[in-house]
Amino acid sequence: MSINISADTLSDAFSNGRYEGNMRLGYQSHEVDNDTNDEFAAGVTLHFETAPYYGFQMGATLFTSQGNGEEGFEGVPFFDETNDNYTSLGEAYLKGTFSNTVLILGRQTIDSPFADTDDIGMVRNTFESYTLVNTDIQDTTLFIAHVQKWSGVDSPAPSSFTDVNGDNGMQVLGIIYEGVDKTILSGWYYNLSDEVKISYLEANYEDETDKYTYGTALQYAYQDYETGESSTIYGVAAFLGVKKVGLTTTIAYNTVDGIPADNFFGGGPFFTNTEHNTLREAGPDGDILLYTLEWDAAVVGAEGLNVFANIDIHQDHSKEYDFGMQYAYNNSVNFSAVFSDVEKDEDAFKNLRIFANYSF
């Protein structure tokens, strides 16, 4: 990886640019009614960004996923909409940095409550957008975007960019405030004209002592559709960690008043969303309770190893059990695995995903 320094000429901007990449091996097994299918994938991500030239930079990221995708496979998408191998120019942007303002035009990554990368498969979500981020106000980040298209793991056609809300796109306004001690406050508004307007508020508080870490969070969302239907969502979460034994336990609750909640363009922000089931699957007037237990094995000398288990309970008594691990061998190599058992009548299934990553 080269060092990204300011350039005096356009040629220097390219020769002093920053290169980075990731190689990912993925395996997935999906079982429905005792019928098990599996698939393998090898993915490569290559990213390049020029050095700044009069405040401007250009960047691009190439994604590819190659393997043995099978038609009709029901797990997390590793391949395109027909479960075939694909290659995509997921990012291609022009970025300008002017004092405390960054303007990004083109294909890019975005991480916000209802539009995010959701890196759960081989190729994460990316967006075609005009994005402005400003930090002129102390402790405050202002986010403004007009999102026109998207692609990736959650999109209808992962291998290509498809429209967001037709030709109208989606307008996003977000404000993040960190001026309150140990607290992050955020508010977001999404406008999909002639479709839906989304409001979202979240507050997070975290602190620690010599022996414990602890925190709590609140969230509120209102999804107002042009049809007259709506969803009002409330959420609360709290966690407590015991440093001596490396254990952290979390409990979270979400409830919906109205039609089913939607994650829209990504994995969704709701506290009870898990590997497969999210608040959307709770249906109209639904609710979910989530229990999570995490263990940092560094307390027994296994640096870089973390394991977790959770249970996600819907009001209709359907459940999702997840068991997973992450291991960072060093700064470049890491491994992860998660096994999910979803119990819900005819929609029950089991899913196992294993990944090995090498960053360079």
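Laboratory data are not the source of any read-out in this text; all were calculated from the coordinates shown. Being a predicted model, the structure only gives us computed values, none of them experimental. Don't worry about glycine lacking a Cβ; one is built from the backbone with ideal geometry, like all the others, and counts go over all protein chains shown.
Some observations on this one:
- For the chain, the residue among N310, F48, S29 whose Cα projects farthest onto the positive side of the dipole built from Cβ charges is F48.
- Cα point-scatterer Debye curve for the range 144-205, base-10 log of I(q)/I(0) at q = 0.12 Å⁻¹: -0.42
- Structure remark: mean-square fluctuation, Gaussian network model of the chain, C-alpha springs under 10 Å; the largest value among S332, S88, S129 belongs to S332.
- Cα pair count fraction exceeding 39 Å, expressed as % - the chain: 16
- Computed about its Cα centre, the charge dipole of the range 138-240 is approximately 80 debye, with only Lys, Arg, Asp and Glu carrying charge at their Cβ.
- The phi torsions of the range 285-299, fed into the Karplus equation with coefficients 6.51, -1.76 and 1.60 and a -60° offset, translate into couplings of 6, x, 8, 9, 10, 10, 10, 9, 10, 10, 10, 9, 6, 4, 5 Hz, rounded to whole numbers, with Gly and Pro shown as x.
- Full extension of the segment from A337 to R18, taken as 0.36 nm per residue of separation minus the current Cα-Cα distance, would add 111.8 nm.
- Cα-based equivalent ellipsoid, the range 153-265: semi-axes from gyration tensor eigenvalues, Å: 34, 16, 15
- Of the three principal axes defined by the Cα atoms of the range 33-76, the extents in descending order read 60, 16, 13 Å.
- Whole-number percent relative contact order across the range 129-254, with pairs defined as alpha carbons under 8 Å at least 6 apart: 14
- Over the residues of the chain, the helix contribution to mean residue ellipticity at 222 nm works out to -500 deg cm²/dmol, using -39500 (n - 2.57) for each DSSP H run of at least 4.
- Average Cα contact separation per residue, the range 1-120, under 8 Å, 6 or more apart, as relative contact order %: 19
- Values of log10 I(q)/I(0) for the range 2-80 across q = 0.13, 0.15, 0.16, 0.25 Å⁻¹ run -0.56, -0.63, -0.66, -1.05, by the Debye formula with one identical scatterer at each alpha carbon and no solvent.
- Extension gain for the segment T213 to V102, taken as residue separation times 0.36 nm less the Cα-Cα distance, is 36.6 nm to one decimal.
- Semi-axes of the equivalent ellipsoid of the range 268-360 are 29, 14, 12 Å, computed as sqrt(5λ) over the eigenvalues of the C-alpha gyration tensor in descending order.
- Potential extension, Y222-S11 segment - 0.36 nm per residue separation minus Cα distance: 71.1 nm
- Semi-axes of the equivalent ellipsoid for the range 232-286, Cα gyration tensor, largest first, Å: 27, 12, 8
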